[in-house]
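Right, one structure below, let's go through it.
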Amino acid sequence: MADAQIIDGKTIARNIRDTLAKKVSSCVEKPRLAVILVGNDEASLVYDRAKQRAAKEIGMDCQIYHLDELVTENEVLELISQLNEDIHIHGIIVQLPLPAHINALNILMQISPEKDVDGFHPVNVGLLQAKSPLAMVPATPKGILHMLKTVCPDLAGKRAVIIGRSTIVGRPMATLLLNNDCTVTIVHTKTKDIAQVVKEADIVIAACGKCNTVKADWIKEGAIVIDVGINRVDGKLCGDVDFENVKTIASYITPVPGGVGPMTIAMLLVNTFEAYSRQTHNV
């Protein structure tokens, strides 16, 4: 069997941004995204600057509110309240993880669901479960679904296994796939015989956060493999999938970097534009 075809997230994301740029150019005012960053985590700083650059390239505005590591929870809540009330701010995200002294759920609950472009507010979680078109879908799962449909337009009946049960990727991804008529299994650290469960999948989405966890003998021949992981080992990036070996078994596979990452930023911008459109009736 020939090596898997690469699902090029960079190219797909660029096409999404190009389409979005044309829509933004016709807006009366710039769609504006507010990013709240607490502390000095280097990975978060790099990621937020990437969001800012991508927004600027398509004519959006992205403002980073960089708060001190020792900021109080009430101070963060107060900032969110101000942003909620600002009619010129259309999307709000809080960079996770937050310092231990701040309750992340309290913070996420404070964001107006209409401005919650990360899709983490319980209202948006519920709307996604209800298959509502008003749901703000988390950017990474939304991007993964778009990538899957570029290589498999009809997902109905496919068996999908998601490795990881986070509220950021695993759980909303499962809901999206169920909404597209897949048969979905989530495996995690307490699952027995994970490799055997994964081997039954037509679609494998690895989001466990451990470098090269998914081996070739976990994968059914011809499966589609999406690698969400971004891990740094000895100064090099690697995904959750043993790419070099798995690509000899899979039909399609995403690289790390250059796969899911660019799609996440693109879909965050899509969500910001959707939020802007609803708030300004620019539809």
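Please report the net charge: other residues with Cβ closer than 13 Å to the Cβ of residue 210, K and R +1, D and E -1. Provide the component values of the computation, followed by the final result.
On the way: positive: 215, 232; negative: 227, 240, 242.
Result for the local shell: -1.
Between residue 233 and residue 14, the distance separating the two model label sites (each 7 Å from Cα on the Cα→Cβ line) works out to 3.0 nm. For the range 95-103, putting each phi into the Karplus relation 6.51 cos²θ - 1.76 cosθ + 1.60 with θ = phi - 60° gives couplings of 5, 9, x, 9, x, 4, 7, 10, 7 Hz, in residue order, rounded to whole numbers and with x for Gly and Pro.
Kindly provide the helix-only [θ] at 222 nm of the chain, computed as the sum of -39,500 (n - 2.57) over DSSP H runs of four or more divided by all residues, to the nearest 500 deg cm²/dmol? Spell out each step's value before the answer.
Working: 10 runs with 113 residues, N = 283.
The per-residue figure over the chain is -12000 deg cm²/dmol.
Put simply, the amide H of residue 65, placed in the peptide plane, has neighbours under 5 Å in 35, 36, 37, leaving out anything fewer than 5 places away on its chain. Axis angle, to the nearest 10 degrees, between helix 42-57 and the longest C-alpha principal axis of the chain: 70 degrees.
Going by C-beta contacts inside 10 Å, put 116, 234, 217 in order with the fewest on the left. Don't jump to the answer; show the numbers that get you there.
Details: 116 26, 234 5, 217 12.
Ranked by crowding around the Cβ, least crowded first: 234, 217, 116.
Over all distinct Cα pairs, what is the inverse of the mean 1/r for the range 138-260, reported as the Kirkwood hydrodynamic radius in Å? Don't jump to the answer; show the numbers that get you there.
Numbers: mean 1/r = 0.0712 Å⁻¹.
Value: 14.0 Å, from the Cα pair sum.
Hey, what's the Cα Rg ratio for the chain versus the globular rule of thumb, 2.2 N^0.38 Å?
Rg over 2.2 N^0.38 Å, computed on Cα atoms: 1.00.
State log₁₀ I(q)/I(0) for the range 68-181 at q = 0.18, 0.21 Å⁻¹ as given by the Debye formula over alpha-carbon point scatterers of equal weight, solvent excluded. The calculated log intensity ratios at q = 0.18, 0.21 Å⁻¹ are -0.94, -1.15. Based on every Cα atom in the range 28-113, Rg and the maximum pairwise Cα distance Dmax equal 12.8, 41 Å.
Can you order the peptides 130-137, 88-95 by their average number of other Cβ atoms within 10 Å per residue, highest first? Please report the intermediate quantities before stating the final value.
Working: 130-137: 15.1, 88-95: 23.2.
Per-residue Cβ counts within 10 Å, averaged per peptide and sorted highest first, yield 88-95, 130-137.
Could you sort the peptides 96-109, 161-174, 235-248 by per-residue average Cβ neighbour count (10 Å cutoff), highest mean leading? Don't skip to the end; give the middle numbers.
Working: 96-109: 14.7, 161-174: 22.4, 235-248: 18.3.
The packing order, highest mean first, is 161-174, 235-248, 96-109.
Measuring against 27 Å, Cα to Cα, the residue pairs 149/215; 22/115; 10/190 contain 10/190 as the ones spanning a longer distance.
Could you order the peptides 204-216, 252-264, 6-18, 185-197 from most to least packed, using the average number of other C-beta atoms within 10 Å per residue?
Taking the mean over residues of other Cβ atoms within 10 Å, the ranking is 252-264, 204-216, 6-18, 185-197.
Only the coordinates and a few stated rules stand behind these numbers; no lab work does. Keep in mind that this is a model prediction, so the values were computed, not measured. When we count neighbours, we look across all protein chains shown, and the Cβ atoms used for this are built from the backbone with ideal geometry, even at glycine.
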